[in-house]
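Peer 1: First, the structure itself, so that you have it in front of you.
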Amino acid sequence: MERKPRPFVAGNWKMNGLRSAIHEIETVGTRVAVTPTFAADIAICPPATLLGAIAGAGLPIAGGLMLGGQDCHAEAKGAHTGDVSAEMLRDAGARCVIVGHSERRADHGETDAEIAAKARAAWRAGLLAIICVGETLEEREAGRAVEVVTGQIDGSVPDGATAETTVIAYEPVWAIGTGKTPTVADIAEMHGAIRARLGDSFGAAAGAGMRILYGGSVKPENARLILGTADVDGALVGGASLKADDFLAIATVYA
Ligand code: PGA
């Protein structure tokens, strides 16, 4: 089967960005708008406060740039102090949401089952779910990386996942924010294993069509190599997404 999903490059701002940084998002939107050759979906997931600020100001984020959230609660509303629902993100202009990022798995003890519930919440609200998986350094050194990650796929990706509703982000925990990246061979091996598991679990069309992003220290300097790797359909970019020029330098691999 020919496999040509449209690439996807998403920026994860994490807990960074005051309103004074919104112009970086506007710059990305403008550049995407004036680059008709961009053959990728481009998203930025800023803090929820900035989604609200952008929506509240009616700022025209140009060019089909997609905005997204970084997490959502599984419920649509209710007594969950401090949480944000997928419906609220959608209301604030989001069209996608990251769930199961390793920082949330570590900081908030999120389990695969909770992450699957969040992914279902994203679908319920009409958001594309970006479901994150990835092994720790100890797990890789113990030779268990593929087993751990395919296990996370089994537990975190809900039944019924399709290429239209779901994106997978493979982010080795030890590569996030460290400047370290796996070898191209290791990335290809893991993405191939993820794709095979998606095909087994969700059918051939989902297996072939679902986008699998690589994340973890993607920079302008290494983007072309990583994004050119087999079964890599884009990137989830943390630190390098905070500046429009760096993020665009990565995304323009697809321009
Ligand atoms: P990084 O983060 O690009 O800063 O390593 C990636 C991520 O955690 O999504």
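The values are calculated or read from the model by the stated rules, or taken from the named source; none is laboratory data. Please read all numbers here as calculations on a predicted model, not as lab measurements. Cβ: placed from backbone, ideal geometry, glycine included. Neighbour counts: every protein chain shown. These area figures cover heavy atoms from the full protein model, side chains too; ligands, DNA and RNA do not enter into them. Shrake-Rupley method; radii C 1.70, N 1.55, O 1.52, S 1.80 Å.
Peer 1: Sort through Val167, Val149, Val157 and tell me the only one that's in contact with a Cys (Cβ under 9 Å, 6 or more places away or on another chain), open to solvent by less than 50 Å² (accessible area, probe 1.4 Å) and at pLDDT 95 or above. Walk me through how you get there before you give the answer.
Peer 2: Values: Val149 fails: in contact with a Cys (Cβ under 9 Å, 6 or more places away or on another chain); Val157 fails: in contact with a Cys (Cβ under 9 Å, 6 or more places away or on another chain).
Of the residues listed, the single one that is in contact with a Cys (Cβ under 9 Å, 6 or more places away or on another chain), open to solvent by less than 50 Å² (accessible area, probe 1.4 Å) and at pLDDT 95 or above is Val167.
Peer 1: Next up: Are any of the residues in the stretch 61-76 open to solvent by 50 Å² or more (accessible area, probe 1.4 Å) and farther than 25 Å from Ala163 by Cβ?
Peer 2: Yes, because at least one residue in the stretch 61-76 is open to solvent by 50 Å² or more (accessible area, probe 1.4 Å) and farther than 25 Å from Ala163 by Cβ.
Peer 1: For Ile194, work out the one condition from (1) crowded, with 21+ Cβ neighbours inside 10 Å; (2) within 15 Å of the ligand (Cβ to nearest atom); (3) not acidic (Asp, Glu) it doesn't fulfil.
Peer 2: Checking Ile194 against (1) crowded, with 21+ Cβ neighbours inside 10 Å; (2) within 15 Å of the ligand (Cβ to nearest atom); (3) not acidic (Asp, Glu), the one that fails is (2).
Peer 1: Report, by residue number, each residue of the stretch 106-144 that is crowded, with 21+ Cβ neighbours inside 10 Å and within 18 Å of Thr178 (Cα to Cα).
Peer 2: Within the stretch 106-144, Cys132, Val133, Gly134, Glu135, Arg140 qualify.
Peer 1: Evaluate the following for Thr166: is it hydroxyl-bearing (Ser, Thr, Tyr) and more than 14 Å from the chain's Cα centre (by Cα)?
Peer 2: Against the criterion (hydroxyl-bearing (Ser, Thr, Tyr) and more than 14 Å from the chain's Cα centre (by Cα)), Thr166 does not qualify.
Peer 1: Limited to the stretch 126-145, what total is found for residues that are under 14 Å from Arg105 (Cα atoms) and part of a loop (DSSP other than H, G, I, E, B)?
Peer 2: Final tally of qualifying residues: 3.
Peer 1: Then there is this: Might you check whether a residue that is assigned to a helix (DSSP H, G or I), open to solvent by 70 Å² or more (accessible area, probe 1.4 Å) and either closer than 30 Å to Ala175 by Cα or aliphatic (A, V, I, L, M) (or both) occurs anywhere in the stretch 77-89?
Peer 2: Yes: the stretch 77-89 contains one or more residues that are assigned to a helix (DSSP H, G or I), open to solvent by 70 Å² or more (accessible area, probe 1.4 Å) and either closer than 30 Å to Ala175 by Cα or aliphatic (A, V, I, L, M) (or both).
Peer 1: In addition: Among the residues of the stretch 5-36, which ones are more than 16 Å from the ligand (Cβ to nearest atom), crowded, with 20+ Cβ neighbours inside 10 Å and assigned to a loop (DSSP other than H, G, I, E, B)?
Peer 2: The one that is more than 16 Å from the ligand (Cβ to nearest atom), crowded, with 20+ Cβ neighbours inside 10 Å and assigned to a loop (DSSP other than H, G, I, E, B): Pro7.
Peer 1: Scan (1) within 16 Å of the ligand (Cβ to nearest atom); (2) open to solvent by less than 50 Å² (accessible area, probe 1.4 Å) for the single condition Ala39 breaks and write down its number.
Peer 2: Status for Ala39: all satisfied but (1).
Peer 1: Looking only at the stretch 146-173, count how many residues are touching a residue at least 40 places away in the same chain (Cβ under 8 Å), more than 10 Å from the ligand (Cβ to nearest atom) and in a helix (DSSP H, G or I).
Peer 2: 8
Peer 1: Looking only at the stretch 67-75, decide whether some residue is under 23 Å from Gly209 (Cβ atoms), within 16 Å of the ligand (Cβ to nearest atom) and either touching a residue at least 60 places away in the same chain (Cβ under 8 Å) or touching a strand residue (DSSP E or B) at 6+ places or on another chain (Cβ under 8 Å) (or both).
Peer 2: yes
Peer 1: Pick from the stretch 199-255 the residues that are more than 15 Å from the chain's Cα centre (by Cα) and on the phi > 0 side of the Ramachandran plot: which of them is farthest from the ligand (Cβ to nearest atom)?
Peer 2: Gly203
Peer 1: Right, something else. Might you check whether a residue that is touching a His at 6+ places or on another chain (Cβ under 6 Å) and open to solvent by less than 30 Å² (accessible area, probe 1.4 Å) occurs anywhere in the stretch 222-236?
Peer 2: yes
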